[in-house]
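**Student:** Take a look at the following structure, please.
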Amino acid sequence: MLDPNHIQLLKALGATSAALALYKLLQLIYGELTSPLRDLPGPESSSWIYGNFKEIWNEENAAPQERWVQQHGTTLKYRGLFGITRLFTMDTKALNHVLMNTNIYQKPEPARYNLSRIVGGGVLVVEGDKHKQQRKVMNPAFGPSQIRELNEIFLAKSQQLRDIWAATINEEGGTARIEILSWLSKTTLDIIGLAGFNYKFDALNDDQEQNELNAAFATIFHAGTRMTLIPMIKAFYPRLRFLRGEKDTEIETSQKTMTRIGNQLLHESKLSAQDKTMSKSRDLLSLLVHSNMSTDLPAHQRMSDEDVVAQVPTFLVAGHETTSTATTWALFALSQDLAVQTKLREELLTVETDSPTMDELNALPYLDMVVRETLRVHAPVPSTIREATQDDILPLNQPFTDRKGVVHEGIRVRKGQTIQIPILAMNRSKELWGEDARMFRPERWESTPEAITSIPGVWGNMLSFLGGPRSMKALLFTLVRAFEFELAVPSEDITKKSTIVQRPVLMSDPQGGNQLPMFIRPYVRT
């Protein structure tokens with residue numbers, strides 16, 4: 001039997017919790033009724049729980065937003081979880097304002113919580129002074145000369161993949177059906193393991209068992225491929241993070257594994273940095289440790305061991321997932337336009353060696369155009385989000401008319417308001433790129449439209465972190481010289497789904513996960 005005093009205490013706690021929940025609900029309703037965005041045009045909410053999230057999740061990336069823009073204009077609102085208003089704009093002046101004022105507009109806490117479950121507390125997650133501190137320490141490790149020294153790794157692993165595919169094609173009698181996404185993912189995992197922290201994943205060696213760091217990262221990264229309610233509630237309502245989701249135990253176990261191995265790698269990098277007799281490693285973690293231990297850096301500006309270890313999963317996401325996905329989409333695009341594939345191959349074959357320097361790769365103009373066009377049409381990260389940390393007014397290039405017929409020259413936003421940064425939608429905007437904006441046409445980079453100069457730099461700098469385009473160039477150089485690529489399924493069967501990066505999925509095989517099957521045959525020079 002419970003003590004009467006305990007019963008009274010439980011009743012009081014229950015009443016307090018109910019009162020707090022009611023207060024929060026009334027606060028939410030009042031905020032929505034008085035929101036300065038309440039008269040913005042936008043789509044009707046399709047669910048009182050999910051808002052418009054399910055439309056965004058169920059359709060191809062950016063498709064709902066592009067449809068809403070056609071219906072409601074370039075500045076609109078849509079609904080998030082439990083009907084909370086989100087601002088969407090493709091006005092370049094407004095987006096420049098958001099991205100330039102990083103002290104006012106930061107990644108919202110729910111987004112940082114979800115991202116931190118995958119990449120820890122690395123530079124992709126932290127904001128404000130902590131972000132500035134980490135970038136200051138990390139910048140010396142990511143200069144052009146440092147990335148250039150990693151070119152040998154990029155090429156060696158690209159050539160290993162080429163040889164594996166060549167052997168498979170030979171066994172199959174001249175043409176093989178190969179699921180390229182998984183193989184490219186293994187390749188870039190090996191690349192970032194060696195280039196990022198001198199760690200051998202050996203993912204390309206099929207006879208090797210998946211090592212524990214690879215398994216841990218795969219578990220964490222792929223845990224969010226389904227839209228479920230509990231993870232969303234936990235993200236938006238911190239008080240409810242005690243709720244257990246179906247993948248929580250796996251994620252927590254994997255996070256412990258990544259932290260343990262990260263600490264081991266950090267310890268080895270520190271020993272190497274301190275031992276004057278050892279040859280210095282050139283991997284990015286070693287360079288980061290060296291930069292962090294520099295006598296030129298005041299002690300209060302140095303990163304803690306915990307912060308340094310947090311960069312390991314950051315390296316994996318930035319250097320592995322984005323690069324493998326972008327290269328997959330590049331080969332998809334080349335399979336859809338044989339003239340482009342042939343033109344690129346002809347340029348690559350003018351190089352007389354299989355192992356060009358990075359400067360030689362960068363001197364290939366059409367390869368550069370193909371990479372740029374891939375990142376435009378098939379942006380690996382389709383969108384991001386920011387939240388206002390104070391009241392503000394967003395300036396506009398193009399005034400909008402609200403539902404009451406009032407014309408607005410700016411957008412008034414309150415502290416806490418979320419704003420979507422529509423990377424992919426901007427990349428495919430006909431107003432910016434012309435009528436053929438959705439078409440893959442590398443030649444457009446020979447003379448780009450004047451309108452795109454107004455696009456914030458985030459789009460031009462896609463994947464610049466960790467030398468993404470550079471390893472992508474090494475892969476394309478090696479593979480397109482050696483093989484011809486043809487899609488193994490109808491192009492209409494391919495759709496895109498995104499957690500952090502957008503990957504291909506077959507509509508005919510949704511349970512098969514992320515995949516892109518291709519027929520690959522050797523290129524024979526005539």
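**Student:** May I ask for the angle, rounded to the nearest 10°, between helix 322-336 and the longest principal axis of the chain, with both axes built from Cα atoms and the value confined to 0 to 90°?
**Tutor:** The angle comes out near 70 degrees.
**Student:** Just the number please: accessible area per residue for region 40-188, 1.4 Å probe, all protein chains included, in Å².
**Tutor:** Averaged over the residues of region 40-188, the accessible area is 43 Å².
**Student:** Which net charge results when you count Lys and Arg as +1 and Asp and Glu as -1 among the other residues whose beta-carbon is under 15 Å from that of THR175?
**Tutor:** Here the charged neighbours net out to -3.
**Student:** Another question, if that's okay. What part of the accessible area of the chain, given as a whole %, is carbon or sulfur when the probe is 1.4 angstrom?
**Tutor:** 53
**Student:** If packing is taken as the average number of other Cβ atoms within 10 Å across a peptide's residues, how do 187-200, 303-316 rank, most packed first?
**Tutor:** Numbers: 187-200: 24.4, 303-316: 21.9.
Output ranking for 187-200, 303-316: 187-200, 303-316.
**Student:** Still on this structure: How large is the accessible surface per residue of region 346-417, computed with a 1.4 Å probe and reported in Å² as a whole number? All intermediate terms of the calculation are to be shown ahead of the outcome.
**Tutor:** Working: 3630 Å² over 72 residues.
That works out to 50 Å² per residue.
**Student:** Using helices alone, what [θ] at 222 nm do you get for the chain, with -39,500 (n - 2.57) per DSSP H run of 4 or more residues, divided over all residues and rounded to the nearest 500?
**Tutor:** It comes out at -15000 deg cm²/dmol, rounded to the nearest 500.
**Student:** Right, next: List the lysines whose alpha-carbon lies under 18 Å from that of LYS132, not counting same-chain residues fewer than 8 positions away?
**Tutor:** Counting by Cα, and skipping residues close in sequence, LYS132 has these lysines nearby: LYS107.
**Student:** Same structure again: Going by Cα centres, region 479-524 and region 45-108 are how many Å apart?
**Tutor:** Cα centres, region 479-524 to region 45-108: 29 Å.
**Student:** So, one more: Going by Cα centres, region 408-431 and region 331-353 are how many Å apart?
**Tutor:** 36
**Student:** Sticking with this one: Using DSSP to call loops (not H, G, I, E or B), can you name the GluC sites (Glu not before Pro) in region 336-428 whose Cβ has at most 15 other Cβ atoms within 10 angstrom? It would help to have the intermediate numbers written out before the result.
**Tutor:** Values: sites: GLU346, GLU347, GLU352, GLU360, GLU373, GLU387, GLU409; in loops: GLU352.
Those satisfying the criteria are GLU352.
**Student:** So I have (1) 100, 73, 40; (2) 87, 76, 41; (3) 81, 57, 51, and one of them is Cα extents along the principal axes in Å calculated from this model. Which one is it?
**Tutor:** (3)
**Student:** Looking at the square roots a ≥ b ≥ c of the eigenvalues of the Cα gyration tensor of region 298-401, which shape do they give, rounded for a/c under 1.5, prolate if a/b is larger than b/c, or oblate?
**Tutor:** Details: a/c = 2.57, a/b = 1.38, b/c = 1.86.
In terms of gyration-tensor shape, oblate.
The values are calculated or read from the model by the stated rules, or taken from the named source; none is laboratory data. Note that the coordinates shown come from a computational prediction; the quantities given were computed from them, not determined experimentally. Counting neighbours? That spans all protein chains shown, and the Cβs are built from the backbone with ideal geometry, glycine included. Ligands, DNA and RNA are excluded from the accessible area calculation, which covers all protein heavy atoms including side chains. Shrake-Rupley method; radii C 1.70, N 1.55, O 1.52, S 1.80 Å.
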